[in-house]
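Here the structure comes first, spelled out in structure tokens, and everything after it is commentary.
The values are calculated or read from the model by the stated rules, or taken from the named source; none is laboratory data. Not measured: the values here are computed from a predicted model. Here the Cβ is made from the backbone with ideal geometry for all residues, glycine too, and neighbour counts use every protein chain on show. Areas reflect the complete protein model, heavy atoms only, side chains present, ligands, DNA and RNA absent. Shrake-Rupley method; radii C 1.70, N 1.55, O 1.52, S 1.80 Å.
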Amino acid sequence: MDNINLQSKARPLTGRIEHYWFENEHIGLKKTRFHRILIPFEPFDSGLTHVSQPESTSLVVEWLALEVEDPSRLGGVKISSASAPDMEASIYLGAAHNWFQISDLSLSEDGADFLVHCTGTVQFENEGVARNERFTLNARAQYVGEA
């Protein structure tokens, strides 16, 4: 199985943080505010021969139910896949959604933007794309409000 070497290839661009409301009476979920974090990467050559190169992708973290009064005040937020089990995170690469198991994600304020620090394991093996890889991301994101 291939290695992507995502850490050496992925260069994050400025991302965005937004919130949205969702409810589903059928599963007993009352109207809840969730956050989504999207961090795009510069297109890069993943080394996978079965897809066109360079690939364009991003880290997407969604279904984040954050306990904050003001959805734009996110400085100091710290989460992991264990502390937010309903959160979903993935990196689409090699024509597959590759689950990203987050061991640590933190947001800190930097002027009008946020600094996003995220560490975890990209589960490439689940989709047969490549070997699983540890990945650390440091990026800037802008809060854009309601999606």
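Report, to the nearest whole %, how much of the accessible area of the chain belongs to carbon and sulfur atoms, 1.4 Å probe, protein only.
Roughly 46 percent, rounded to a whole number.
What does the helix-only formula give at 222 nm for the chain: each DSSP H stretch with n ≥ 4 adding -39500 (n - 2.57), the total divided by the residues, and the result rounded to the nearest 500 deg cm²/dmol?
-500 deg cm²/dmol
Solvent-accessible area per residue for the chain at a 1.4 Å probe radius, Å²?
54
Name the long-range amide H neighbours of D2: under 5 Å, sequence gap of 5 or more, or other chain; modelled H, no Pro or chain starts.
Residues meeting the amide H criterion: R131.
Report, in debye and to the nearest 20, how large the dipole of region 1-134 comes out about its Cα centre when Lys and Arg carry +1 and Asp and Glu carry -1 on their Cβ.
Roughly 60 debye for region 1-134.
Antiparallel as a % of all DSSP beta bridges within the chain, to the nearest 5?
90
Residues of region 90-109 with the amide nitrogen closer than 19 Å to a label point 7 Å from the Cα of L13, along Cα-to-Cβ, please.
90-95
Would you calculate the separation in nanometres between label points at R33 and K78, each defined as 7 Å from the Cα along the Cα-to-beta-carbon direction?
Placing both labels 7 Å beyond Cα along the Cβ direction yields 2.3 nm.
Give, as a single signed number, the net charge of other residues whose beta carbon lies under 9 Å from the beta carbon of Y20, with Lys and Arg counted +1 and Asp and Glu -1.
Net charge around Y20: -1.
At 0.36 nm per residue, minus the direct Cα-Cα distance, what do N24 and A65 gain on full extension? Give it in nm, one decimal, please.
Between N24 and A65, full extension yields an extra 13.3 nm.
For Kirkwood radius over Cα pairs in Å, the listed values are [x] 19.4; [y] 16.0; [z] 15.3; which was obtained by calculation from the structure presented?
[y]
Expressed as a rounded percentage, what relative contact order does the chain have, with Cα pairs under 8 Å and six or more residues apart?
Across the chain, relative contact order equals 25 percent.
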